[in-house]
Amino acid sequence: LCATYGNDRAAIKYFKKAIALDPQKSEACFQMGISYGELGEYQKAIASINKAIALDSLKGLYFYGRGRVHLLSGQKDKAMNDFKQADSLGSMDAKNFRIKNIEQKLPLGR
């Protein structure tokens, strides 16, 4: 809830507590990574999302989220690889992002 209202620092504290109670909680690791990303702490974001992926490698959303962090940190190639993986796992966000990216590169009647 803290992250929803833009208080990512407070959210991270709660995510850490949740992970301490249940280290196998992939969603808490992922959301903590997203909060770190919102704060511009990209290395911590990637580390947290990597842990989420290690716990549940079939969630396309996790790859999509890591791709967004890679993109924000200027690592476009890594981002595109994550978006492809997310798309292959059924993430509609990743599919829509890839389609939009491809459309922007096409001359389409110009």
Asn50 passes all but one of (1) touching a Lys or Arg at 6+ places or on another chain (Cβ under 9 Å); (2) farther than 26 Å from Ala10 by Cβ; (3) surrounded by fewer than 16 Cβ atoms within 10 Å (Cβ to Cβ); which number fails? (2)
Can you tell me how many residues within region 33-47 are touching a helix residue (DSSP H, G or I) at 6+ places or on another chain (Cβ under 7 Å) and surrounded by 16 or more Cβ atoms within 10 Å (Cβ to Cβ)? 10
Test: Tyr62 is modelled with pLDDT of 90 or more, within 11 Å of the chain's Cα centre (by Cα) and among the hydroxyl-bearing types (Ser, Thr, Tyr): yes
Out of Ser48, Ser91, Ser57, report the one residue that is under 11 Å from the mean Cα position of the chain (by Cα) and of a type in the set (Ser, Thr, Tyr). Ser48
How many residues does region 53-62 contain that are under 12 Å from Ala86 (Cβ atoms) and surrounded by fewer than 24 Cβ atoms within 10 Å (Cβ to Cβ)? 6
Restricted to region 83-110, and to residues that are assigned to a helix (DSSP H, G or I), closer than 20 Å to Val69 by Cβ and of a type in the set (A, V, I, L, M), which residue is modelled with the lowest pLDDT? Ala94
Would you check if Ala20 is at pLDDT 95 or above, assigned to a helix (DSSP H, G or I) and aliphatic (A, V, I, L, M)? yes
Taking first residues from region 27-44 that are under 13 Å from Asp8 (Cα atoms) and second residues anywhere that are in a loop (DSSP other than H, G, I, E, B) and acidic (Asp, Glu), the pairs with Cβ under 7 Å that are 6 or more apart or on different chains are none
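The values are calculated or read from the model by the stated rules, or taken from the named source; none is laboratory data. The model shown is predicted, which means the values in this text are computed figures rather than measured ones. All Cβ positions, glycine included, derive from the backbone under ideal geometry; neighbour counts span all protein chains shown.
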